[in-house]
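Since the structure comes first, as structure tokens, the remarks are kept for the end.
The values are calculated or read from the model by the stated rules, or taken from the named source; none is laboratory data. Computed from a predicted model, the values in this text were never measured in an experiment. Reconstructed Cβ throughout: ideal geometry from the backbone, glycine too, with neighbour counts over all protein chains shown.
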Amino acid sequence: MKKLIVDPILTIAEPISPPIIVVDGVDECDGDAGLLQELIHLLVNATAALPFRFLFTSRPEHHILQTFELPPIRRKTYRSALRDSSARQSNLRDKHAKKKHVQKNAKARNKRNMV
């Protein structure tokens, strides 16, 4: 895997701003969980030598959470759960406000219809 992923990237000569490589849907990788764990280890450990960072996205499946909780991985990564994000909280507030607005309008319509 190192030959296929890390070594070619190390040949980049021009300085570039540090981009982010998104590894999306880690939970959708079917097959050998050990191979997925090996890939995560490889990418996380290679990050210090690479000119960019990785962003892994996944549902919180047990074997993936276990991999990111391993001490060598945990020390080098940052975990952010969508349920903890302010964006999600903001969306929930917006939905709640919209629901209250709809309920208020429905009450007003009902009052008008009763008169």
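Only residues that are loosely packed, with under 14 Cβ neighbours inside 10 Å and at pLDDT 90 or above were counted across the range 46-58, and they come to 2.
Looking at the range 1-45 only, could you name the residues that are small (Gly, Ala, Ser), within 18 Å of residue 64 (Cβ to Cβ) and surrounded by fewer than 11 Cβ atoms within 10 Å (Cβ to Cβ)? Step through it out loud before you land on a result.
Initially, the range 1-45 is screened for residues small (Gly, Ala, Ser), giving 13, 17, 25, 31, 33-34.
Checking which are within 18 Å of residue 64 (Cβ to Cβ) leaves us with 25, 31, 33-34.
31, 34, listed by residue number.
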